[in-house]
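Read through the structure below, which is laid out as structure tokens, and then see the notes.
The values are calculated or read from the model by the stated rules, or taken from the named source; none is laboratory data. Remember, predicted model here, so these are calculated numbers, not experimental data. FYI the Cβ positions are ideal-geometry reconstructions off the backbone, even for glycines, and counts take in every protein chain you see.
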Amino acid sequence: MNELTDQSGIGPRVLRLRTERGLTQRALAEPDYTAAYISTLEAGRVRPSGTALRYLADRLGVSVEQLATGRPPHLAAELGLRLAEARQLLCAGEPAEAAPRFAELAAEAERHGLAEQWSAALLGLGDCALDTGELDQAIEHFQAAEDLLREAPLPARVPALRGRAVAHLLAGDLRYACYLLESAIDQLNTGGLADPHALLLLYSAVIAPYMDLGAHRRAAQAADLALALAPQVADPALVARLHRGVARTLLAEGRAAEAEASLAKAQELYQQLRIRTELAHCHWMRGYLRAQDGDLPAAERELRTARELLARGQATLYLQQIDVELADVLRRAGRSTEATALLADLLDSLHPGRGAVHGGAAHRLLGRIAEEQGDAAAAEAHYRTALELLAGAGAAADLADLCRLLGDLLRRTGRLEAALDVYRSGLGHQAAPGTTTLGPAPAAPPL
């Protein structure tokens, strides 16, 4: 017997269970213990040994875990099933319905001290907030999930860390998103923790900020490493996300047919898994691919399909990003009035703290429309606003192209010195293609 004060609440539980079963202290104690010992234990002045705990649990007809923790039997398994149901709602594009379920599960897991289930529920809340564009809330939930698992090995914390990085990416903080993902990749690969599932999650996530930063070589390397890891991972949703990311790197390299094949693989998996939001992303990217090929009617169909899939779940931020792509297709199809109206509706909600890269793209498009309509002053204003947004996000590739557009506009209006300054700035953004400002690329996994 361990003569320490009971800090775990076992004593009051023994008292409650004994009373519910109509047992006296003597009846519970004998033959191995005394009534005095039970009295001391129930008063919280002693903590039972492992042997005593097993004896009392058997006498009271409960599990040792239930007596020691107060948790109902099989609670962890039950919470796991309910978490899976909430996750399925989220996959079906219903974040508004999934969020209260995750919140309820988080509260229940917290009440019973189940850190793993509590963290999983917070992860679900973070993903719901990502889908609805509530980025500050998403970051808070993901950070809380990480904090709960601070003593766990890094692979267990990677899903929450990846979620936090995605939220920062959507907010326009590309460099910090890269820093989070690259740091974790480095720790896994150099610390003997090269878990294939965790690494695939990180490599799939880092492709997008690399591409937005103009670090195409680094993105392609991440895609190659992820493809090498994929056979070791049994999660089809993660493999599908990988193929979607790989398609983006292939598009940047002009390998349209291979990009189409990767998108087809991703779409097939998402359809089987009924993951509505990710399926919408496949249509979104296919719309971009069709636009690059010059097939504008097909591009519009794909983008509107993506919009329809996301609209049901109120995925506001993603919808706004698709609208930017759709507006570009409408402009190229000669429907500038429709494009302008679409962009005007979303500009107020795209700013440096929320969708800065796509906010910059929206102003760039409005600048091109204004220039095509002969309004040079309005075009310059939009281009300069776009430059400010993209510079804050560090989107080097887009900045270089935007400097070209603004420089050309200034040159045509006779402002040669100003044009030269803008061209020089664009060349600076393009000076080191395929790199970031983050230093060396992370260590490669021991494949």
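Which number in (1) assigned to a helix (DSSP H, G or I); (2) in contact (Cβ under 8 Å) with a residue 12 or more places away in the chain; (3) farther than 20 Å from Ala395 by Cβ marks the one condition that Leu193 misses?
The single condition Leu193 does not satisfy is (1).
Condition check: within 21 Å of the chain's Cα centre (by Cα), closer than 27 Å to Cys91 by Cβ and modelled with pLDDT of 90 or more. Does Pro196 satisfy that?
yes
Looking at (1) surrounded by fewer than 24 Cβ atoms within 10 Å (Cβ to Cβ); (2) in a helix (DSSP H, G or I), can you tell me which one Gly287 breaks?
(1)
Within region 320-358, work out how many residues are charged (D, E, K, R), part of a helix (DSSP H, G or I) and modelled with pLDDT under 90.
So the count comes out to 2.
Considering every residue within region 14-32, establish whether at least one is modelled with pLDDT under 90, of a type in the set (D, E, K, R), closer than 21 Å to His112 by Cβ and not in a helix (DSSP H, G or I).
No, region 14-32 contains no residue that is modelled with pLDDT under 90, of a type in the set (D, E, K, R), closer than 21 Å to His112 by Cβ and not in a helix (DSSP H, G or I).
Of all residues in region 359-384, which are free of Cβ contacts under 8 Å to residues at least 24 places away in the same chain and in a helix (DSSP H, G or I)?
Listed by number, the residues that qualify are Ala370, Ala377, Ala378, Ala381, His382, Arg384.
For residues that are modelled with pLDDT under 90 and among the small types (Gly, Ala, Ser), scanning just region 265-290, find the one that is farthest from Gln221 (Cα to Cα).
Going through the qualifying residues, I end up with Ala280.
Of the residues in region 99-127, how many are of a type in the set (Gly, Ala, Ser) and more than 16 Å from the chain's Cα centre (by Cα)?
6
Hey, can you tell me all the residues within region 33-65 that are of a type in the set (S, T, N, Q) and part of a loop (DSSP other than H, G, I, E, B)?
Thr34, Ser49, Ser63, listed by residue number.
Taking the residues in region 242-262 that are closer than 17 Å to Ala222 by Cα and hydrophobic (A, V, I, L, M, F, W, C) as candidates, determine which candidate is surrounded by the fewest Cβ atoms within 10 Å (Cβ to Cβ).
My answer is Ala252.
What is the residue count in region 130-179 for residues that are in a loop (DSSP other than H, G, I, E, B) and either touching a helix residue (DSSP H, G or I) at 6+ places or on another chain (Cβ under 6 Å) or in contact (Cβ under 8 Å) with a residue 60 or more places away in the chain (or both)?
Adding up the residues that qualify gives 4.
So Ala220 passes all but one of these: (1) touching a residue at least 24 places away in the same chain (Cβ under 8 Å); (2) closer than 21 Å to Cys91 by Cα. Which condition number does it fail?
So the condition that Ala220 fails would be (2).
Please state which one of Arg332, Arg286, Arg276 is in contact (Cβ under 8 Å) with a residue 40 or more places away in the chain and more than 24 Å from His363 (Cβ to Cβ).
Of the residues listed, the single one that is in contact (Cβ under 8 Å) with a residue 40 or more places away in the chain and more than 24 Å from His363 (Cβ to Cβ) is Arg276.
Picking from Ser63, Ser39, Ser49, which residue would you name as being in contact with a strand residue (DSSP E or B) (Cβ under 9 Å, 6 or more places away or on another chain) and either surrounded by fewer than 17 Cβ atoms within 10 Å (Cβ to Cβ) or under 30 Å from Leu105 (Cβ atoms) (or both)?
Ser49
Quick check on Leu123: is it of a type in the set (A, V, I, L, M) and under 26 Å from Arg71 (Cα atoms)?
So Leu123 passes the test.
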